[in-house]
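What follows is a set of notes on a single structure, which appears directly below.
The values are calculated or read from the model by the stated rules, or taken from the named source; none is laboratory data. On a predicted model such as this, the values are computed, not experimentally measured, just so you know. Positions of Cβ are backbone-derived with ideal geometry, glycine not excepted, and every protein chain shown enters the neighbour counts.
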Amino acid sequence: MMKYNLEQEAASLKEFWSPRVLGRINDQFIKVAKLKGDLAWHKHDDEDELFMILSGSLRIEYETHSVDLDKGDFHIVPRNTMHNPVCTEECLIALIEPASTKHTGDVVIDKTKSITEQLIQLDK
């Protein structure tokens, strides 16, 4: 049985926009990521996605508005909703999303990571 510090795990990541799976609760993955800049406009047809800010700040852009998040905040991006996460300075996040969620939905860019690439050894 492992314990994790989400902020420390996210801070230890070497690449921006490269989520890592730390654990699984039923059909949901718990992930951490280090962000800077923007990702891509995309959506997840069948999955909601929770962003929790561990440090820094993040803006989730939508087609009609945006949501600004700071440390301690969380926001749920509804399924089938176009969005783009953006941050000017480094931001550390935790994500909770179904295990089937593709990193950038059906959009494939150079930053896109497969589920296999996001998995780490869960029993370090």
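General observations
- Within the range 19-42, being touching a strand residue (DSSP E or B) at 6+ places or on another chain (Cβ under 7 Å) and either assigned to a loop (DSSP other than H, G, I, E, B) or free of Cβ contacts under 8 Å to residues at least 24 places away in the same chain (or both) holds for PRO19, ASP27, LEU39, ALA40, TRP41.
- Scanning the range 78-110 for residues that are under 12 Å from LYS34 (Cβ atoms) and of a type in the set (D, E, K, R) returns GLU89, GLU90.
- Single match in ILE96, ILE115 (criterion: modelled with pLDDT of 95 or more and either out of contact with any Leu (no Cβ under 6 Å at 6 or more places or on another chain) or of a type in the set (A, V, I, L, M) (or both)): ILE96
- Any hit, the range 100-113, residues being under 30 Å from MET1 (Cβ atoms), exposed (fewer than 12 other Cβ atoms within 10 Å of the Cβ) and in contact with a Pro (Cβ under 9 Å, 6 or more places away or on another chain): no
- Residues that are in a loop (DSSP other than H, G, I, E, B) and over 22 Å from THR112 (Cβ atoms), drawn from the range 3-18: LYS3, TYR4, ASN5
- Restricting the range 43-72 to residues that are surrounded by 14 or more Cβ atoms within 10 Å (Cβ to Cβ) and β-branched (Val, Ile, Thr) leaves a set whose member that is farthest from the chain's Cα centre (by Cα) is VAL67.
- Of ILE53, ILE25, ILE30, ILE93, all but one fail to be in contact with a Gly (Cβ under 6 Å, 6 or more places away or on another chain) and under 25 Å from LYS3 (Cβ atoms); the exception is ILE30.
- Considering residues of the range 33-42 that are surrounded by 18 or more Cβ atoms within 10 Å (Cβ to Cβ) and out of contact with any Gly (no Cβ under 9 Å at 6 or more places or on another chain) only, the residue farthest from SER100 (Cα to Cα): LYS34
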